[in-house]
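All remarks here apply to the structure that follows.
Readers should treat all values here as calculations from the given coordinates under stated rules, not as data from a laboratory. Note that the structure is predicted; figures quoted are calculated from it, not measured. Methodologically, a virtual Cβ is constructed for each residue, glycine included, from the backbone with ideal geometry; neighbour enumeration extends over all protein chains shown.
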Amino acid sequence: MSKVRSSNLGYPRIGENREWKKALEQFWAGKLEKKEFLEQIEKIRLQHLEKQKNQGIDLIPVGDFSLYDHVLDTAVMFGIVPKRFEYDGGKVSLDTYFDIARGTKGAVASEMTKWFNTNYHYIVPELDGAVPTLVENRPLQFYKEAKQQLGIDGKPVILGPVTFVKLSKGYKENETKAVVDQFVPLYADILRELQEEGVEWVQIDEPILSTTISKEDLSLLGEVYQTLHKAAPNVKVILQMYFDSVEYYEDVVSLPVQGIGLDFVHDRGQNLAALKKHGFPEDKVLAAGVIDGRNIWRARLDDKDAILAEITEIVSKNQLIIQPSSSLLHVPVTVKSEETLNDVLKDALSFADEKLHEIVILTKGLQNGKESIGKEITASIEAVQTLNESSFRNNIQVQEAIQNLHTYQAEREAVFNVRQGIQEKAFQLPLLPTTTIGSFPQTQEVRKQRLKWRKGELTDAAYGEYIKAEIKKWIEIQEDLGLDVFVHGEFERTDMVEFFGEKLEGFQFTKFGWVQSYGSRCVKPPLIYGDVSFKEAMTVEETVYAQSLTDKPVKGMLTGPITILNWSFVRDDIARNEVTNQIALALRKEVEELEKNGIKMIQVDEPAIREGLPLKRENRDSYLNAAVYAFKLATTSVQNDTQIHTHMCYSDFKEIIDAIKALDADVISIETSRSHGELIYAFEENTYDKGIGLGVYDIHSPRVPKIEELTRNIDRALQVLDPKLFWINPDCGLKTRGINETVAALEVMIEAAKQTREKIGAKYTLNV
Ligand code: GLN
Ligand code: ZN
């Protein structure tokens, strides 16, 4: 009889109670011996495999587990170690592995960057002409471990050569093929050894195929998989894609592999359409990612069953594997621990363990007929419907507002040039005004007080007083420093999204809903589960208090709609844009509250705009248009003399420069100090004609910059930007810095501004 198989692509590393994180951090702190550490880690790794086995997953991934990051694992498996770290060949030691990831006193860590359009960060391999060799066969090692310890015939997971090389740096684009060709024989060795060991299935991830790639890349892929197939014809390779639809469907499904893994959740319907249009080869298996690996909502099993029914019209059941759309790395471990959540919500959630259960159920349904899972289908429909019909998702006022969006003005009253004149008179700022990005050091003491307050050991009033005292202290510091535009310091906020989520309607917070962000660092994204609306003023009290202490303008400080959206788990029963607009409308009210209370500069941070960019080029404009609209919906109802600021934290923004201009913010500050040169270059090609502050020093290091560095950065920027529109600021918030280094660095920054003003002042007198 034909057998439908269930599979998983990757399991969260962190553990139900973040045991993994704790072990790592104890080891790094020297509180855990290496031997003990490795034992603890092995236990965690085996537990995760066992859990998947007990759930009834047929193809259990091995080798997806990592001590830091799977891209780094792949690099060290090939002996790729940047020259600045200790290494003399052979298997890379644990210490060197962590040094690459975390840096040492003498050597900076390798750069990390976002894994496709997720919030997971990987370590960027530095190839730099290194000759790769296979120094250990990781997949084989983990395969053997699972087999010996648990009797599991695992499915080794390997990051494919094309994606691996494309995510690496240290070679020129036209060398891609040559570099990939260096790795292919090593991948062939891995597969050959797996074949000898009797491994049946191997998953090779090539998510690069879900992005916009060239024909050359496609033909490179063809050659690579041809070679790998010849090397180990008996292992069944599943070529795995995720996060979007596959480019060149017809070519990809005819590559010489035995299985094709496709995402049927984040493909905007295109994988299914391609499958229907072009069919599917009879000699391959289709690994169908039907359960969302990136979001936390329970699936309606009837919907999923319907998709599977469409698929099985084309692909026979014994050709089919049921699995999540991507690795479950991107979701928390289990809903079970969430004891305090509202039942309606909890019942409609599904984290990694629950998702595996959904997969097993769907597999059973396909195998034994729909009736065999009738109870589960009904329960899933009920859970989802109950949440959909609940008052959380049926706020009439919010829904009416969304229907009447066209009645909300989303343009400033006057164009920038007019506003600029009005604001110049109103604020009377000097040339090259100085400011900061929002947060000041969140010291241990600040965090301690907040914790006490959260535990109920400190009254609201006492905590409020403490925050006010901090604000007052920093207003005085800013006054002494001589900054031109002040901030209140954000002492009342742990996290720029959580803070607003807790105050807006429509958000919930889990207790254990952690996901890995990078290394041992985990984040707990809020759940946007209902209609979002404004309850009461969120930032007015602190901002107005700060403003009452000084004659200098104090910037109100909000997090923008796209950032709130991108850093949360978002309900999927309505369009994402609709959720964004709900948030924008709520923020618009906050902006109006601030303005009404005399706050005349308001900064709306959007550090996450760029990372939300769709993987396919053709979908980017519509994303950016929606982002710009939401930002303007939130910020444009103010008077001409209210100055809107925004902030973004990246330097690589060529692709989004038009969107940045379209935000129509009066002033933008951008993080650039780590790549000043490139940014300036971007501005040589693109003029920017509104207020702009390019971060003049890097806040990510405690180092106090030298004045010459700053004046040089400023001079360079002024070659391409209008000095009358230029602001001077650090490149991001100062929350992670210490007090002394912050004050010292700001002193230097202000002195640099002064010197530059003296140098160029005569040429640019302001008409105030
Ligand atoms: N206003 C925020 C701060 O200063 C901005 C943080 C960010 O860009 N990520 O902390
Ligand atoms: Zn920033």
Subject >> Estimated [θ] at 222 nm from DSSP helical runs (n ≥ 4, -39500 (n - 2.57)) normalised by residues in the chain, nearest 500 >> reply: -13500 deg cm²/dmol
Subject >> Relative packing of peptides 393-399, 190-196 - highest average C-beta neighbours within 10 Å first >> reply: 190-196, 393-399
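Counting only C-alpha contacts under 8 Å and six or more residues apart, can you give the relative contact order of region 1-108 as a whole percent?
That works out to 26 percent.
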Original post:
Which aspartates and glutamates, on any chain, are close to Lys166 with Cα under 14 Å apart, when same-chain ones fewer than 8 places away are left out?
Top reply: Glu126, Asp128, Glu175, Asp181, Asp205, Glu206, Glu216, Asp217
Original post:
Tilt of helix 576-596 relative to the longest C-alpha principal axis of the chain, in degrees (0 to 90, nearest 10)?
Top reply: 20 degrees
Original post:
lysines near Lys754 by alpha-carbon distance under 29 Å, same-chain residues fewer than 8 away left out - which ones?
Top reply: Lys425, Lys472, Lys473, Lys552, Lys555, Lys600, Lys661, Lys690, Lys706, Lys724, Lys735, Lys763
Original post:
Which aspartates and glutamates, on any chain, are close to Lys511 with Cα under 18 Å apart, when same-chain ones fewer than 8 places away are left out?
Top reply: Glu16, Glu19, Glu338, Glu339, Asp343, Asp347, Asp353, Glu354, Asp495, Glu498, Glu502
**OP:** Taking amide H positions as placed in the peptide plane 1.01 Å from N, state which residues far from Lys236 in sequence (5 or more) or on other chains have amide H under 5 Å from it.
**Re:** Trp201, Val202
Original post:
By counting other Cβ atoms within 10 Å of each Cβ, how are Ile204, Ile670 ranked from fewest to most?
Top reply: Ile670, Ile204
Subject >> Under the Karplus curve 6.51 cos²θ - 1.76 cosθ + 1.60, θ = phi - 60°, whole-Hz ³J(HN,Hα) for region 398-409, x wherever Gly or Pro sits >> reply: 5, 5, 5, 4, 5, 5, 9, 3, 4, 7, 8, 5
**OP:** Please work out how many pairs of lysine residues in region 13-146 are eight or more positions apart (or on different chains) and have Cα atoms closer than 20 angstrom.
**Re:** 24
Original post:
Where the only charges are on Cβ atoms (+1 Lys, Arg; -1 Asp, Glu), what is the dipole of the chain about its Cα centre, to the nearest 20 debye?
Top reply: 780 debye
**OP:** Arrange the following residues from fewest to most other Cβ atoms within 10 Å of their Cβ: Asp353, Asp658, Asp263.
**Re:** Asp658, Asp353, Asp263
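At a Förster radius of 35 Å, what calculated FRET efficiency corresponds to the Cβ-Cβ distance of Ile739 and Phe683, to the nearest 0.05?
Once the sixth-power term is evaluated, E becomes 0.55.
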**OP:** Collect residues whose amide H, placed 1.01 Å from N in the peptide plane, falls under 5 Å from the amide H of Ala287; neighbours closer than 5 in sequence don't count.
**Re:** Ile260, Gly261, Leu262, Ile321
**OP:** Express the relative contact order of region 508-611 as a whole percentage, based on alpha carbon pairs under 8 Å and six or more residues apart in sequence.
**Re:** 34 percent
**OP:** Order by neighbour count: Lys155, Lys632, fewest other Cβ atoms within 10 Å first, most last.
**Re:** Lys632, Lys155
Original post:
Applying the Karplus parametrisation 6.51 cos²θ - 1.76 cosθ + 1.60 with θ = phi - 60° to the phi angles of region 600-612, what ³J(HN,Hα) value in whole Hz is obtained for each residue in order, glycine and proline being reported as x?
Top reply: 9, 10, 10, 9, 10, 6, 10, x, 9, 4, 5, 5, x
**OP:** Would you mind calculating the relative contact order of the chain from Cα pairs under 8 angstrom and at least 6 residues apart, reporting the percent as a whole number?
**Re:** 12 percent
Original post:
Want the number for Glu382 to Gln409: 0.36 nm per residue separation, take away the alpha-carbon distance, what's left?
Top reply: 5.8 nm
